[in-house]
Structures are given as C-alpha cells and as structure tokens.
C-alpha cells in the first residue's frame, strides 16, 4: 500500500483533529477513519522490535477527532512480558493525551488475544472497530467479533468505576523517598540544571495519580529523563486478566518514543540517564524490582529513585 | 492445606466417570472443577480459577491460578496455563477438552494457540448459564498463532523438544546465607537442581526467540521440582520458567501449606542461554526475593553450538 500522506506526519505519534481532516481531504477519502489504514505503513516504520524484527503499527481515531499511533517495542535482555504491543502503545499514547475514547483502530496484523483482552479495559470495548491491513479483505469489524464472550472489567468492577481513558485521580497520601538508588549518585546534579530529580518525582507522581489499577489498588507511575533533561512519564494500566497489564515502566517508554525521544531510529539504546518510580508502600503489586532489572538491560548506569506512598484510606 | 491430585491416571478417570454416572470422560471434567478451585492460590485477587483438562492419553490434568504478591501481575499463572504446563511436564501429547470455572481470558485463549490443532480444543466454562463445550476457534476467531511465524514442522507445546544446550558454564549468583549454601552442598542438591533445570531447558518451547530456559527449585526436604519455559507467538503470554517450576511444585505436592511461611523454597537453579535476547536471570532474582527471600540461586549459561 503506497504511503499517504507525505512528510507532515512522519515521526508523529499524535495528529491533531484539524490536521487529520486536512490529510483525509488531500488523500481523497470520505471519512477520517478511512485514512487510518493508509497511515499504518508509516507507523510500522517507527516500531522498535529488535528481538522479532516483526514490525506492528496501529493507528487509532479518537472521539476528539485526533489520530494516535502505536508501535510494538521489544527489549532485548529481558523476558518477553516486557514487550509492548502496538495496540497497547496506541491506548497508552491516547491515555497520556487525555483522549476520552478510541472508536476505530487500523493495525498491520490481526490483534493477538493478549491485546484483544487489554482492549477490554476501555468502556464499550465490544464496539471498537478494528481493521487489519494484512487481511485479504480489510474491513472494520467490531472487537466483539474477535473476542466473543469476553472476560473483562464488568466481571470484577461495578459499573461506575472509571475505566481506561476515563479520568482517574488516585489518592497517594504522602510520598516517602526510599534509600534505593541505582546508578551514580551525583548524576542528577549535572543534568537539566538541577531540579531534575524533583521533575522526575513530580512526573512519576502525576502518572501514578492517573494510573488505572482498580484490581490491585496499587497505583503506580514511572518517569524517565534523557541526556537533554527531557522528562517522559507513564501510568500503570492494569488489565482485568492481570497478565496483559501494561507496567508503568513500559508506559513511560511509550511516552518517550511518542514524544520524539528514545534516541531516534539510528541511535543505539534509549538514551535514558535517570528515572523515578512512584508506587504504594508494601504493594501487593510492586514494580520496583522489575524497574531495576529493566534499567539494567535498557539503560545501564541510569540512576533510579523509588518513592513509596501510603494512602490514608486503607486499600 | 490438601495437596490434592493434579494428575488422574486414565484408569482412575474411567472409574471416576462410572461412579459419577457419566457416560464419557469429558462429562466428568466440569464435575471436577470445584475440586480444582479449592487448590488455587490467588492471594492478590482472591479470585480462584480451576481448570480440568482431558489428555488424549485419557489422563485428566488439573490447573489452578497462582498469584505472587510483591511482584508485577505478569508473574501470575492462569489456570489454563498451569493445566498445559502440568500436562507438558507429564509428557501428555494432546489436550482435547477443558472445563474451567470462568471463561478463559484473551491471554489464555492466545497461550492455548501454542498447541497444535488449538482451534479444535473444546472449552466449557462452568460459570456459563448454559454450560457446554465450544471449540477454542469460536472464542478466538481469526487468530494470530504459531504458524504466522513458524513453519509447520517445528514442534509445538506438548510435542517433544530437544534443544541443544551445548556446554553449561556456571555463574554463581550469591544468595542465601552461609548455612543455606553449606546445607545445599552437603546433600548434592546443587547438582540435582542443575540437572533438573538443564533437562527442563532441553524440553522448553522457545521457537520464537531461540532462548531455551529451565528453572528448578528445592524445598526444605531436599525435593526438587523443575519447569520449562513456554513461549507464546504473541510474546507476552509466554510462561516463564520460574512460573513453570512453581506449577511443577504445586502439582507435585501443593507447595508448602498455609501453616508455613511462604513457599518453603530454599534453593533454585536457572539454566539459560548465554547473552540471551530473552534472559530470565534478573527476573529469577526478583522472583525469589519476593517468593523465597534468602533462597540460594545458581545460574548456568549455555552456549549452543548452533547459532540461534
């Protein structure tokens, strides 16, 4: 499929509503949703799957009219559950931009069961329209046809609990910095003119506040900084089926790449020099150990600070 | 806590079916689901899941969900995964029917694709109003699976695997006190753990990454349990070797009961590929820190002669 449109969207993971309309017009398609499959090849080129070399690109249309991209990410040196699927990237990307709903998604390969399950975290998941560009006869079909008789949030939560893409405001209580530090102690001082540690902490805290963790009650957020002092953060997104949950570390890597960070396609590694994790004290679901080994594999030498909160309401 | 039986021999299954007054073995499966439920260990969700599967050998296998507090949720084991790992560990060549207490989630519907002929596996959810067996293909239509990535001759789960491990180099990771180490040395437990983890790695299913891996644990009585890494074409649903070893542990003896703290694991061994694109080592360390603090871990890396 020939790439359309041109350079204006290269490398962009979010296309504003007006621009999406303009591109749709230029491309000669009737509705913006018909533009989605045309953008899939460009999305695939942004994927980072060094283990499989199997690129997946996903393009979603938000109810706001914005278009979001998602790509798969793989991290050598770690177990495969650290991978991020393009559909998960897409939703985490939309979530980070406050998008209230995603109704249509075009993707380069049929979503796997892990993703069909992860997508259940969105309200009205059954009606999300999915088009697979690798199909012989690509067409939008409801997610319900790909995952009939689903297991999902309604099996465990009551109907007014906020779902993914809906506002969350988790109570964190007071943050305690733990003594856990990985990597050089003086590193933060030299970057971003000081205050980097505070910015990382605040970003991770904000991400934890908006994280979706209704099953365990263990809100969490992660933030990373690159050599230029730019900070990217991501919220933990839990799945009713547990295993398909997107870790806060993964969500932060999504934010990094989506914002144009991550060292670029030619660069080796991700360029991360410091990070912060905010999670619950004595959490039943804790990301601390995983965050350590993730950084060891992906950004050796990066400095990690862990903050734990104790919510006042017992969870 | 009752250790329960996680494998029912074919003859016994027949006898049970007769006693229960059912004509076929598949009708016995939903009747055994409540038993499986009682053996589940989900301390995070307190949502037990039990699965009962009929192998083509006529044996019946149980599966339960396991959750490990203090770790991310992707360390959890679903009942259907437990069932498959349990069957694989017992050399079962195929599974034709599965009864489970809740409808399988997408993660499990995907994991089950690693079995040849997955589409035809018959699944019954006892929680359904009108519980009946339906083919897995109806639960995961238009699937993504092994044959999107592999050619048809490659062995799938429940088929014999014999991965080339080359020579094992030992790299000792310190963990556990002096006394634990000495105790382990004395009883030759270290060698037995290494052998068990090595055999598990040989049998592991890792056709996507080429990174075979096996894990073994020893309890306070010196008994050793091992598990093989089981990869999924969709990557994330893969069952880690630590998880597979816990399946082996629980299936053999129910693990240590509630009257003891934790899981009673004193030592462990991991066998994996040198400079593996998919490495379990770091995760094995954090797993043991959460599940068996103080347990001694040895890591052995192999360099296979075939470059993968």
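Some notes on this structure:
- Percent antiparallel among DSSP beta bridges (both partners in the protein assembly as shown, rounded to 5): 70 percent
- Fraction of beta bridges assigned by DSSP in chain B that are antiparallel (%, nearest 5): 70 percent
- Theoretical ellipticity at 222 nm over chain B - DSSP helices of four or more residues, -39500 (n - 2.57) apiece, nearest 500: -9000 deg cm²/dmol
- Eigen-decomposition of the gyration tensor built on the alpha-carbon atoms of chain B gives equivalent ellipsoid semi-axes of 31, 23, 17 angstrom, largest listed first.
- A convex hull fitted around the alpha carbon atoms of region B:11-105 yields 95 Å³ per residue.
- Other protein chain Cβ atoms within 10 Å, averaged over every residue that makes up A:116-127: 2
- Cα gyration tensor category, rounded, prolate or oblate, for region A:58-161 with a/c compared to 1.5: rounded
- Taken as Cα centroids, region B:184-231 and region A:82-152 sit 37 Å apart, rounded to the nearest whole angstrom.
- Across region A:25-96, C-alpha contacts under 8 Å between residues 6 or more apart give a mean separation that, scaled by the residue count, equals a relative contact order of 24 percent.
- Counting neighbouring beta carbons within 10 Å and listing from fewest to most, the residues B:128, A:160 come out as A:160, B:128.
- Crossing angle, helix A:288-298 versus chain A [Cα axis fit, 0-90 degrees, rounded to tens]: 70 degrees
- Relative contact order, whole percent, for chain A stands at 15, derived from Cα pairs under 8 Å and 6 or more residues apart.
- The share of Cα pairs per 10 Å bin across region B:60-121, counted from zero up to the longest distance, runs 21, 55, 21, 3 percent.
- Estimated 222 nm signal from helices in chain A, with DSSP H stretches of n ≥ 4 weighted -39500 (n - 2.57), rounded to 500: -7500 deg cm²/dmol
- Pair residue A:134, residue A:178: separation of 7 Å Cα→Cβ label points (nm): 3.9 nm
- Highest-fluctuation residue, B:22, B:103, B:217 considered, GNM on chain B with Cα pairs under 10 Å: B:22
- Helix B:241-253 vs. chain B, principal-axis angle (Cα, 0 to 90°, nearest 10): 70 degrees
- For the Cα trace of chain A, dividing Rg by the Kirkwood Rh returns an Rg/Rh value of 0.97.
- Across region B:191-253, Cα-Cα pairs more than 18 Å apart make up 31 percent of the total.
- Three-way shape call for region B:202-294 based on the alpha-carbon gyration tensor, with the a/c threshold at 1.5: prolate
- Residue separation of residue B:47 and residue B:5 scaled by 0.36 nm, minus their Cα-Cα distance, works out to 13.1 nm of gained length.
- Per-residue Cβ neighbour counts within 10 Å put A:15, A:23 in the sequence A:23, A:15, beginning with the fewest.
- Normalised contact order of chain B, rounded percent, pairs of Cα under 8 Å and 6 or more residues apart: 17 percent
- Length, then width, then depth: along the principal axes, the Cα atoms of region A:212-315 run 46, 26, 20 Å.
- Shape category assigned to the protein assembly as shown from the gyration tensor of Cα positions, a/c cut at 1.5: oblate
Laboratory data are not the source of any read-out in this text; all were calculated from the coordinates shown. As the structure is a prediction and not an experimental result, all values here were calculated from the model. Every residue, glycine among them, receives a Cβ derived from its backbone with ideal geometry; neighbour counts consider all protein chains shown.
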